[in-house]
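*Asks:* Have a look at this one before I ask anything.
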Amino acid sequence: MSAEVQYAVDKTVDCQGLSCPMPIVKTKRAIDEVLPGEVLEVIATDPGSVVDIQSFADRTGHEYLGTVQNGKTYKHYIRRAAAKQSHDERRHPHTVSHDALFEKVSDLPLIVDVREHAEYASGHIPGATSIPLGQMKDAIPQLRKLSEREIFVVCHSGNRSDTACQILQEHGFKRVFNVLGGMQKWQGPVVAHGSGTGSRAQ
């Protein structure tokens, strides 16, 4: 994370106290309210916002300038790209519904949970592997031997998992599915830290 800021801020959006997906929702709205070349500051307290903001900028063509952390507060900085440099947010084409995934749970499917460790510990799908989005690229060698299997990727709302799916696809994983709606709408079984543990990928 950046130690200090060397640029002027043209607009600030306050996302303190909000969890995924709201920091990204507000960021998407706010970036349209600044001019190309201007800088948007996003203030958040959700640790997941760090990778969320970075991936949003990467997927839309805007310039991620950095993040400054002060205690539990994160200040993210994005410079809006010119119209010819920005593009619609890329989305992973392959998805799975909660109902379809629920039918597979008893078969022990390969589920990767890309939320932060604390979120995972508070409640996750039985058997899910915890790999926070920020660690996904480092986990590619661990997952490589499983590249022929179906991989179901879940987060809180479906945003971080979409990014993770794109990363896996870029590294040759062809059977990757984003779990629509994420854990916030999951009605199936959940294991909380202390009552059981999600298994790691084998």
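*Asks:* Between their Cα atoms, which of Lys104/Lys145; Lys11/Lys84; Lys28/Lys145 are more than 32 Å away from each other?
*Replies:* Going by Cα-Cα distance, Lys28/Lys145 fall outside the 32 Å limit.
*Asks:* Here is a further query. Once both axes come from the Cα atoms, what is the angle between helix 49-60 and the longest principal axis of the chain, in degrees from 0 to 90, rounded to 10?
*Replies:* 80
*Asks:* Of all beta bridges DSSP finds with both residues in the chain, what is the antiparallel percent, to the nearest 5?
*Replies:* In the chain, DSSP labels about 45 percent of beta bridges as antiparallel.
*Asks:* How big is the stretch 12-157 along each principal axis, measuring the range of its Cα positions in Å and listing the largest first?
*Replies:* Taking max minus min along each principal axis of the Cα atoms, the stretch 12-157 gives 50, 36, 30 Å.
*Asks:* Related question: How do Leu143, Leu18 line up, fewest other C-beta atoms within 10 Å first?
*Replies:* The fewest-first ordering by Cβ neighbours comes to Leu18, Leu143.
*Asks:* Further question on the same structure: Hey, what did the stretch 17-67 get for relative contact order, percent, Cα under 8 Å, at least 6 apart?
*Replies:* Across the stretch 17-67, relative contact order equals 40 percent.
*Asks:* Hey, another quick one. Quick one: compute the contact order of the chain, relative version, from alpha carbon pairs under 8 angstrom and 6+ residues apart, as a percent.
*Replies:* Worked out over the chain, it gives 19 percent.
*Asks:* Now for a separate question. Would you work out the relative contact order for the stretch 95-185, in percent, from Cα pairs under 8 angstrom that are 6 or more residues apart?
*Replies:* About 34 percent, as a whole number.
*Asks:* Give the peptides 118-131, 156-169 in descending order of average Cβ contacts within 10 Å, highest first.
*Replies:* Those peptides, ordered most packed to least, come out 156-169, 118-131.
*Asks:* What's the exposure ranking of Met136, Met22, Met183, going from fewest to most Cβ atoms within 10 Å?
*Replies:* In increasing order of surrounding Cβ atoms, one gets Met22, Met136, Met183.
*Asks:* Once the Cα atoms of the stretch 16-88 are picked out, what are the Rg and Dmax in Å?
*Replies:* So, for the stretch 16-88, Rg and Dmax equal 11.5, 37 Å respectively.
*Asks:* Please compute the Kirkwood hydrodynamic radius of the stretch 95-185 from all pairs of different C-alpha atoms, in Å with one decimal.
*Replies:* Taking every pair of different Cα atoms in the stretch 95-185, averaging 1/r and inverting gives 12.8 Å.
*Asks:* List the aspartates and glutamates whose Cα lies under 15 Å from the Cα of Lys72, skipping any in the same chain that are fewer than 8 positions away.
*Replies:* Asp14, Asp46, Glu116
Computed from the coordinates by the stated procedures, all read-outs in this text should not be read as laboratory data. For clarity, every value in this text was computed on a predicted model and none was experimentally measured. Glycine gets a Cβ as well: all are built from the backbone with ideal geometry, and neighbour counts include every protein chain shown.
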